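Here the structure is laid out as structure tokens; the discussion comes afterwards.
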Amino acid sequence: MDFEKTFQKYGPTYMGVGWGSEESQNKRFSKICEYIPIKDDTNIVDIGCGYGALLQYMHNNLWNPYYYGMDRNKEALAYIRSKRSMTYTIDIRSTSMLKTLLDKIHTIDYIVCCGLFQHMPKLIGEDLIKVFIEYAPRSIISTRSDRSNRDKEKFVEWSLSDIEKVTRNVTNKFIIDHSYMRHDVTIVMDKET
């Protein structure tokens with residue numbers, strides 16, 4: 001999927017970032033937020049943030065965290081900046097670029113990555129999880145756990161067992177929650193102390 005073209009066509013909407021519906025998008029966000037205590041001084045890094053729909057969801061639920069959005073889509077990031085949030089352009093396949101950007105952020109409480117891993121080769125995904133665990137006490141990934149009816153050429157298949165194996169290679173402190181929507185999974189990883 002060409003996310004830049006999709007965003008140009010549909011703008012800052014669920015369709016503009018390739019989600020199936022606003023309802024499913026909000027179900028994912030609700031599940032993510034279950035694992036983050038609501039405090040206004042929380043620092044959240046949203047990797048693959050698109051137009052900042054997660055931040056918008058948080059604001060709609062009367063929560064105003066410190067938010068840092070990272071994405072490769074410059075038009076979507078410009079939209080977030082217009083809402084007075086920090087943004088960074090990133091090629092997520094470069095873990096060194098990600099580390100450089102994360103080093104610029106004084107405090108990171110949570111790293112969130114919603115909808116990105118289904119487009120990510122497994123080796124890059126494992127490298128990203130290592131970076132997430134290195135930089136944040138808790139990281140949350142929401143992704144699809146299989147292709148279901150999607151175009152098989154455009155999605156990498158992550159089965160639940162693949163997700164568990166990759167996560168276990170990085171940390172033993174994790175939860176895999178696939179109770180909220182068919183074919184979706186949220187992985188919550190805590191840094192081991």
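The values are calculated or read from the model by the stated rules, or taken from the named source; none is laboratory data. On a predicted model such as this, the values are computed, not experimentally measured, just so you know. Note that we place each Cβ from the backbone using ideal geometry, even for glycine, and neighbour counts take in every protein chain shown. Just the protein is used for accessible areas: all its heavy atoms, side chains included, with ligands, DNA and RNA removed. Shrake-Rupley method; radii C 1.70, N 1.55, O 1.52, S 1.80 Å.
Points worth noting:
- Filtered by the rule that a residue be out of contact with any helix residue (DSSP H, G or I) (no Cβ under 6 Å at 6 or more places or on another chain), open to solvent by less than 50 Å² (accessible area, probe 1.4 Å), assigned to a loop (DSSP other than H, G, I, E, B) and modelled with pLDDT under 90, the stretch 1-47 gives GLY11, THR13, SER21.
- In the stretch 167-183, the residues that are closer than 19 Å to ARG28 by Cα and either of a type in the set (Ser, Thr, Tyr) or touching a Lys or Arg at 6+ places or on another chain (Cβ under 8 Å) (or both): PHE174, ASP177, SER179, TYR180, MET181, HIS183
- Within the stretch 31-45, considering residues that are touching a residue at least 60 places away in the same chain (Cβ under 8 Å) and not β-branched (Val, Ile, Thr), the one nearest to ILE92 (Cα to Cα): ASN43
- Any chance GLY52 is under 19 Å from THR143 (Cα atoms), among the small types (Gly, Ala, Ser) and touching a helix residue (DSSP H, G or I) at 6+ places or on another chain (Cβ under 6 Å): yes
- Scanning the stretch 120-128 for any residue that is more than 20 Å from LYS191 (Cα to Cα) and open to solvent by less than 20 Å² (accessible area, probe 1.4 Å) turns up at least one such residue.
- Filter result for GLY48 (closer than 20 Å to VAL188 by Cα and either free of Cβ contacts under 8 Å to residues at least 60 places away in the same chain or out of contact with any Leu (no Cβ under 7 Å at 6 or more places or on another chain) (or both)): no
- Hey, ILE90 in contact (Cβ under 8 Å) with a residue 24 or more places away in the chain, buried (at least 23 other Cβ atoms within 10 Å of the Cβ) and of a type in the set (A, V, I, L, M, F, W, C) or not: no
- Pairs, first over 25 Å from MET181 (Cα atoms) in the stretch 109-136, second hydroxyl-bearing (Ser, Thr, Tyr) and surrounded by 23 or more Cβ atoms within 10 Å (Cβ to Cβ), C-beta under 7 Å, six or more apart: ILE133/SER139
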